[in-house]
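Note sheet for the following structure.
The values are calculated or read from the model by the stated rules, or taken from the named source; none is laboratory data. None of the values given here were measured: they were computed from a predicted structure. For neighbour counting, all protein chains shown are included, and Cβ atoms are generated from backbone atoms with ideal geometry for every residue, glycine included. Keep in mind that these areas ignore ligands, DNA and RNA; they rest on the heavy atoms of the full protein, side chains included. Shrake-Rupley method; radii C 1.70, N 1.55, O 1.52, S 1.80 Å.
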Amino acid sequence: MKKDFQINHINTNKLNIKGIYPCMNYGKSIAKGTFIIYLNSGDIFFNHNSLNTFFENSINIRTEKSLIFGQANIVANKKINWLFPGKKLKNINIWLKFFEPNHQAMLISNNLANEYNFSTKYNIIGDGYWKRRILSKATKIV
């Protein structure tokens, strides 16, 4: 099976869009793929197989309003980092009641992502509100 990824980098400075959440709203409004993921400035994938892992899981999801997420490697500096969620997680459903995955580790079906905009009235937690809505409306979470 051929594996196609379309990666678009958007320079919002040229478009005169100000603020992270207006930029993220713009990105999802023009996304044409079945699934979307957000990587902001300075974000990188966990390893060279991350996109393939997401892709393999997306093939098995035949439902709309779905999301796939993995662990994020949080790096505070060169000597301090941790996985989120951690390796010893026993029940993902309980974890999801109290936490939400990092958006950098979430592959979200385009139709689900576009049900809600990132709130522009919150400077820091707009993605948290958006993720909570996404998680509550997802019909399939992998």
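Look at segment 24-53 and say how many of its residues are assigned to a helix (DSSP H, G or I), touching a residue at least 24 places away in the same chain (Cβ under 8 Å) and hydrophobic (A, V, I, L, M, F, W, C). Explain how you work it out, then say what you get.
Step one: list which residues in segment 24-53 are assigned to a helix (DSSP H, G or I), which gives 24-30, 50-53.
Applying the additional criterion that residues be touching a residue at least 24 places away in the same chain (Cβ under 8 Å) yields 24-25, 28-29, 51-52.
Those still in the list that are hydrophobic (A, V, I, L, M, F, W, C) too: 24, 51.
Matching residues across segment 24-53 total 2.
When you scan segment 92-99, do you find a residue that is in a loop (DSSP other than H, G, I, E, B), modelled with pLDDT under 85 and surrounded by fewer than 16 Cβ atoms within 10 Å (Cβ to Cβ), even just one? No, every residue in segment 92-99 fails to be in a loop (DSSP other than H, G, I, E, B), modelled with pLDDT under 85 and surrounded by fewer than 16 Cβ atoms within 10 Å (Cβ to Cβ).
Can you tell me which residue is most open to solvent (accessible area, probe 1.4 Å) among those in segment 54-70 that are closer than 21 Å to Leu135 by Cβ and modelled with pLDDT under 80?
The first filter runs over segment 54-70 and keeps only residues closer than 21 Å to Leu135 by Cβ, leaving 54, 57-58, 60-70.
The next check asks that each one be modelled with pLDDT under 80; those that pass are 54, 57-58, 60-63.
On the way: Phe54: 21, Asn57: 52, Ser58: 20, Asn60: 122, Ile61: 15, Arg62: 199, Thr63: 55 Å².
My answer is Arg62.
Rundown of residues vs (1) in a helix (DSSP H, G or I); (2) at pLDDT below 85; (3) under 12 Å from the mean Cα position of the chain (by Cα), yes/no style:
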{"site": "Ile74", "(1), (2), (3)": "no, yes, no"}
{"site": "Asn81", "(1), (2), (3)": "no, yes, no"}
{"site": "Gln104", "(1), (2), (3)": "yes, yes, yes"}
{"site": "Leu112", "(1), (2), (3)": "yes, no, yes"}
{"site": "Glu115", "(1), (2), (3)": "no, no, no"}
{"site": "Ser119", "(1), (2), (3)": "no, no, no"}
{"site": "Trp130", "(1), (2), (3)": "yes, no, yes"}
{"site": "Arg133", "(1), (2), (3)": "yes, no, no"}
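Whenever a residue of segment 113-131 is touching a residue at least 24 places away in the same chain (Cβ under 8 Å) and closer than 22 Å to Lys97 by Cβ, its partners that are basic (Lys, Arg) and surrounded by 13 or more Cβ atoms within 10 Å (Cβ to Cβ), lying with C-beta atoms within less than 6 angstrom and at least six residues away or across chains, give the pairs Ala113/Lys28.
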